[in-house]
């Protein structure tokens, strides 16, 4: 369940703004493409939609797991969307889908993907409170439910003591992330995701982005250093910024991997 847990820790769980299946898949595909080193190497959305035509990926109990396979090397990754009202997904059990867990599956990670999907399905079926998925009131509760499923899956595969330790570490990581973040917002269906990096030191910073307007905006903000240090998610003019990872180097320099979500 490594990729699902990583998605929760790095903020790749969003509230879906619409109940349309195609638009929900498009938004999650863009979110995965915004991950550094993924980009638009392949038409991820077209790949996902083609597989949906071959076989519906709803696994029951209000959950669907669409995926895109890639011939490139890399890690198994995922992004998650929560729909308050549910999506008419065409599930065999006739129920609406409230959680869409989209996977990016490199060839070398196919076995890992199959193991994770199997573990997720078992955890969902073993959940005594499964019916509550259709009545979750906000994205934070959805995050907690997913963490419960991760915990159930871990408990099935590891000794009790190690499983409890991993679950505790996971919960602490998510709590710290929640404390450092502002509440998530509903994104427009046409939202644009721009990956970028920031290199920050005591007397300055540089933004590394393929978008000139975003670069100019970031480098023109005198309080950007303090805002990045204070929160993993915040708004700037025309964008919502989500910080995904932080690395520290010599001379107290820090590099941040982030995405800018266009609010226009």
Specify which of the listed residues (7, 79) is under 22 Å from residue 194 (Cα atoms) and either modelled with pLDDT of 90 or more or not assigned by TED's automatic domain parsing to the domain that holds residue 103 (or both). 79
Considering every residue within the stretch 87-106, establish whether at least one is within 16 Å of residue 5 (Cβ to Cβ), without any contact (Cβ under 8 Å) to a residue 60 or more places away in the chain and surrounded by 13 or more Cβ atoms within 10 Å (Cβ to Cβ). yes
Of the conditions (1) over 29 Å from residue 2 (Cβ atoms); (2) modelled with pLDDT under 60, the single one that residue 222 does not satisfy is (2)
Quick one: residue 5 ticks every box in (1) within 11 Å of residue 102 (Cα to Cα); (2) buried (at least 21 other Cβ atoms within 10 Å of the Cβ) except a single one, so which number is it? (1)
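Residue 28 - would you say it is part of a helix (DSSP H, G or I), touching a strand residue (DSSP E or B) at 6+ places or on another chain (Cβ under 7 Å) and at pLDDT 90 or above?
yes
Could you tell me whether residue 116 is modelled with pLDDT of 85 or more, assigned to a loop (DSSP other than H, G, I, E, B) and closer than 21 Å to residue 11 by Cα?
no
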Single match in 115, 122, 53 (criterion: surrounded by fewer than 19 Cβ atoms within 10 Å (Cβ to Cβ) and in contact with a helix residue (DSSP H, G or I) (Cβ under 7 Å, 6 or more places away or on another chain)): 122
Just one of (1) touching a strand residue (DSSP E or B) at 6+ places or on another chain (Cβ under 9 Å); (2) surrounded by fewer than 21 Cβ atoms within 10 Å (Cβ to Cβ); (3) part of a loop (DSSP other than H, G, I, E, B); (4) modelled with pLDDT under 85 trips up residue 40, so point out which. (1)
Return yes or no: is residue 241 closer than 21 Å to residue 12 by Cβ and buried (at least 16 other Cβ atoms within 10 Å of the Cβ)? yes
Looking at the stretch 84-100 only, could you name the residues that are in contact with a helix residue (DSSP H, G or I) (Cβ under 7 Å, 6 or more places away or on another chain) and under 17 Å from residue 13 (Cβ atoms)? 86, 87, 98, 99, 100
Filtered residues of the stretch 203-214 (kept if under 27 Å from the mean Cα position of the chain (by Cα) and surrounded by fewer than 17 Cβ atoms within 10 Å (Cβ to Cβ)): 206, 208, 210, 212, 213
What is the one condition in (1) modelled with pLDDT under 90; (2) touching a strand residue (DSSP E or B) at 6+ places or on another chain (Cβ under 9 Å) that residue 54 does not satisfy? (2)
Out of the stretch 15-25, which residues are at pLDDT 90 or above and outside any loop (DSSP other than H, G, I, E, B)? 21, 22, 23, 24, 25
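The values are calculated or read from the model by the stated rules, or taken from the named source; none is laboratory data. Predicted, not measured: the structure shown is a model, and the values here were computed from it. So basically every Cβ, Gly included, is an ideal-geometry build from the backbone, and we count neighbours across all protein chains shown.
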